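Here, each number is a calculation from the coordinates, and none is a lab measurement. Bear in mind the structure is a predicted one, so any value in this text is a computation, not a measurement. Here Cβ is always computed from backbone atoms with ideal geometry, including for glycine, and neighbour counts include all displayed protein chains.
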There are 2 protein chains.
Amino acid sequence: MSKQELKILGQDGDGACCGALATAPLDEEQAADLAKVFKALGDPVRLRLMSMIASREGGEVCVCELTPAFDLSQPTISHHLKLLRQAGLIDCERRGTWVYYWVLPTALDRLAGFLAVPQAAKASA
Amino acid sequence: MSKQELKILGQDGDGACCGALATAPLDEEQAADLAKVFKALGDPVRLRLMSMIASREGGEVCVCELTPAFDLSQPTISHHLKLLRQAGLIDCERRGTWVYYWVLPTALDRLAGFLAVPQAAKASA
DNA sequence: GGCTTGTATTGACGTTCATTGATGCAACCT
DNA sequence: AGGTTGCATCAATGAACGTCAATACAAGCC
């Protein structure tokens with residue numbers, strides 16, 4: 001079910017890490033990859049989808065519970081879920097008739113770590 | 001110099017806080033406000049600008065140092081800087097002939113805190 | 001005052017994106 | 001098999017976005 005996802009926010013820690021934003025200037029490739037993830041979060045509908053999935057007890061939500069929460073058509077919700085999945089922020093699995101989505105916590109943590117301003121830089125603020 | 005900036009990422013801590021994404025579903029207004037900030041980061045040029053400014057010794061960068069780092073026209077860079085400023089991520093000040101930009105660390109920290117998955121939710125992952 | 005340099009704003013253009021109705025596919029039910 | 005429900009894909013449309021050339025504004029210099 002999980003086809004193409006971005007690898008930047010994967011499990012291993014070779015590339016960008018803690019406070020990378022304020023550590024050194026990003027090169028074009030890093031910036032392009034990260035921009036895709038932030039762009040995925042840069043839409044109110046997708047942010048609400050993320051929070052609805054992330055805040056769910058058990059961590060999984062059926063699409064049938066997400067769609068009626070919006071004044072949008074079902075294809076639109078499906079489209080947004082696809083973008084979030086391609087950004088590597090969520091994943092899904094078909095279980096019988098229904099499809100369940102969950103967030104990838106490591107992706108969120110890595111994004112958070114990327115943004116957090118390192119202590120060293122806080123002095124000169 | 002600083003006209004309109006988003007207040008979501010301001011100094012005080014009444015609204016969304018640590019791990020808010022995974023704590024409860026966002027309402028439409030919260031989602032719309034936050035989406036603007038993530039959207040501002042959802043462009044490779046703006047991400048590079050952010051990292052160039054944030055990683056700068058002293059925390060300030062003159063526009064005249066930013067513009068030549070890109071294969072883009074000066075108005076385009078100015079446009080991106082304006083968007084970052086309107087998102088509340090950076091601020092600027094004119095000093096004689098030149099304009100200096102710096103990041104607002106609290107904004108980044110609040111974004112990072114918003115994304116970070118709280119410990120409670122990590123168990124069920 | 002005029003000239004030059006640094007930065008922001010305007011207006012236009014091409015591309016990307018969000019949204020929809022129609023359609024397709026998968027799984028259940030009888 | 002036929003019908004129904006849940007979800008994804010397709011094709012089209014209007015809005016938003018990134019970019020630039022031209023222009024305007026601000027500050028220093030002659």
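Count, for each residue of A:36-43, the Cβ atoms from other chains sitting within 10 Å of its Cβ, then give me the mean as a whole number.
Details: counts 2, 3, 11, 6, 2, 10, 10, 6.
Average per residue, whole number: 6.
Give me a single rounded figure for A:24-30: the average over its residues of other chain Cβ atoms within 10 Å of their Cβ.
Details: counts 4, 10, 8, 2, 6, 1, 4.
Across A:24-30, the average partner-chain Cβ count within 10 Å equals 5.
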Original post:
From the label point of A:Glu57, set 7 Å from Cα along Cα→Cβ, how far away are the matching label points in the other copies, in nm, ordered shortest to longest?
Top reply: 5.5
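Taking the alpha carbon gyration tensor of the stretch A:26-114, what are the square roots of 5 times its eigenvalues, largest first, to the nearest whole Å?
Details: eigenvalues 114, 41, 25 Å².
Working from the Cα gyration tensor, I get semi-axes of 24, 14, 11 Å.
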**OP:** Highest first, please rank the peptides A:43-49, B:29-35 by the mean number of other Cβ atoms sitting within 10 Å of their residues.
**Re:** A:43-49, B:29-35
Original post:
Distances from A:Glu93 to the same residue in each other copy, label points 7 Å out along Cα→Cβ, in nm, shortest first?
Top reply: 5.5
Original post:
Residues of B:100-108, mean number of Cβ from any other protein chain within 10 Å of their own Cβ, rounded to a whole number?
Top reply: 3
**OP:** For A:Leu72, go 7 angstrom from Cα along the Cα-to-Cβ vector, then report the distances to that same point in the other copies in nm, smallest first.
**Re:** 2.6
